[in-house]
Amino acid sequence: MRPDERPVAIAGAGIAGLTAAIALARFGFAVDIYERAGALAEVGAGLQLSPNALRVLDRLGLLDALSLRAVAARSVTLRRFGTGRPIAEVPVQGSDGTPYLSLHRGALQAALLEAAGAEPRIRLHLGHPVASVSEHADCIELAFAGGTSARARCLVAADGVRSQVARAAGFADPSPTGTIAWRTTLPVRDGIAAPTGIDAWLGPRRHAVAYPIEAGAAVNLVLIDQADAAAESDPVRHLLRRFSGWDRRLLGWIEAAAPPTPWPILSVDAERYYRIGTSTLLIGDAAHAMPPYAAQGAALAIEDAFVCAAMLASRPSVDAAFATFEAERRPRVEAVRRRVAFHRFVYHLPGPASLVRDAVLAVQPKASLARGLRWLYDWTPPDIATSSPAP
């Protein structure tokens, strides 16, 4: 599709929205990003970016700068919850050597914002929540909560798990999964040694993950628990009780970290359509939010963003671009969804079943474990040429 003067509209200035905007600008499109918040602030804590996502960021020229604030991991170490004993090491590098990074979400957001700000084709509009979308013969019209409106060639809805665009289209709200993620970070200092890679403790009905961020200067800690647990007023005491009897190193990190923040884990119905009409497309969590048991939320959003831009650049119409996008992305996303369900089952096995799991994993060669993830980590973005970053 040949870019014209009418911009592509994007709802949401998160990871999916900013990545889509940068990719679209590199393909020659003008882009208007409409963000509901009046200001952009760093949210969240740590983030894992697997090779499939990093190949997109490399294509956009962002990988080298991002790597300076990240830590590269060769494997994820699965550990027994009570002792911390390693069960298995799962290789996570790409077959082509593309790394697997852990970093602060704010570092990625800052890199994307800087790249978007350097693109003259991108305009960012803060305080513009999309209230409704109307299709016309040659464009779409967006109405905003403040009473203003704008026209665009199409809309890419990247407004997150609680997408207002999806809600306005009549889609059901995201569903609770019955689990909650407690997130916190702690600086590396005397008595606190950062993990050298990514550690995951597997236990009955819950698990924990820790990895270095800020180039190794801090530790990100995520504890996944059942949402039906009665919380205490002191979140640290609550987690020490819930994870009582677990690895002492993990408990020490819980005590030393800042008070953790609870994040209910939501998911989007697997039957949700990605397209709305012919000119609106849902991407990222707005389309397929799922629990974080494969650490692919940000990666799938980044994949979606680039594929969306590539399809708009290479197909004859918006409708054809979005139809091709859905046909290509749905099978991959559903494969990841199945992997997430598998991890949730395996990670949270109780008593005797967990011992069988540990024994099976312990005898698996690393090469075999790596082969099982090649379909996920060796994904590459469409080979459609983009322009260089704006000078």
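Give me the tail of P(r) for segment 79-122 as a percent: Cα-Cα pairs with distance above 11 Å.
More than 11 Å apart: 77 percent of the Cα pairs in segment 79-122.
Where does helix 105-117 land angle-wise versus the long Cα axis of the chain, in degrees 0 to 90, nearest 10?
Relative to the chain, helix 105-117 is tipped by roughly 20 degrees.
How big is the Rg/Rh ratio for the chain, C-alpha atoms only, Rh by Kirkwood, two decimals? All intermediate terms of the calculation are to be shown ahead of the outcome.
Values: Rg = 21.2 Å, Rh = 21.7 Å.
Rounded to two decimals, Rg over Rh is 0.98.
Compute the angle between helix 318-347 and the longest alpha-carbon principal axis of the chain, please, reported from 0 to 90 degrees and rounded to the nearest 10.
Approximately 10 degrees, to the nearest ten.
Looking at S134, T83, I192, which one has the Cα that reaches farthest to the positive end of the dipole of segment 70-208 (charges on Cβ: Lys, Arg +1; Asp, Glu -1)?
Positive-end residue among those listed: T83.
Mind checking the dipole of segment 185-266: about its Cα centre, +1 per Lys or Arg Cβ, -1 per Asp or Glu Cβ, Debye to the nearest 20?
About 180 debye.
Roughly what % antiparallel, to the nearest 5, for the DSSP beta bridges in the chain?
70
Work out the length of the dipole vector of the chain about its Cα centre, built from +1 on the beta-carbon of each Lys and Arg and -1 on the beta-carbon of each Asp and Glu, and round it to the nearest 20 debye.
Computed charge dipole of the chain: roughly 1000 debye.
Residue by residue through segment 160-175, what is 3J(HN,Hα) from phi via Karplus (6.51 cos²θ - 1.76 cosθ + 1.60, θ = phi - 60°)? Round to whole Hz and write x for glycine and proline.
For segment 160-175, the Karplus curve yields x, 4, 9, 3, 6, 5, 5, 5, 4, 7, x, 6, 5, 5, x, 9 Hz.
Relative to the longest principal axis of the chain, what angle (0 to 90°, nearest 10) does the C-alpha long axis of helix 297-314 take?
20
Work out the charge dipole of the chain with +1 on the Cβ of Lys and Arg and -1 on the Cβ of Asp and Glu about the Cα centre, then indicate which of V360, L24, G147 is farthest towards its positive end.
Projecting each Cα onto the dipole axis, the largest value belongs to V360.
Counting only Cα atoms, I'd like the Rg/Rh figure for segment 185-266, Kirkwood definition for Rh.
0.94
Which GluC sites (Glu not before Pro) from segment 1-73 combine a DSSP loop assignment with at most 15 other Cβ atoms within 10 Å?
Hits after loop and neighbour filter: E5, E42.
About the Cα centre of segment 1-120, how large is the charge dipole given +1 on each Lys and Arg Cβ and -1 on each Asp and Glu Cβ? Please answer in debye to the nearest 20.
600
Coordinate-derived values only; no laboratory data. It should be emphasised that the depicted structure is a prediction, and the values quoted were computed from it without experimental measurement. No Cβ is skipped: glycine too gets one built from the backbone with ideal geometry, and neighbour counts run over all protein chains shown.
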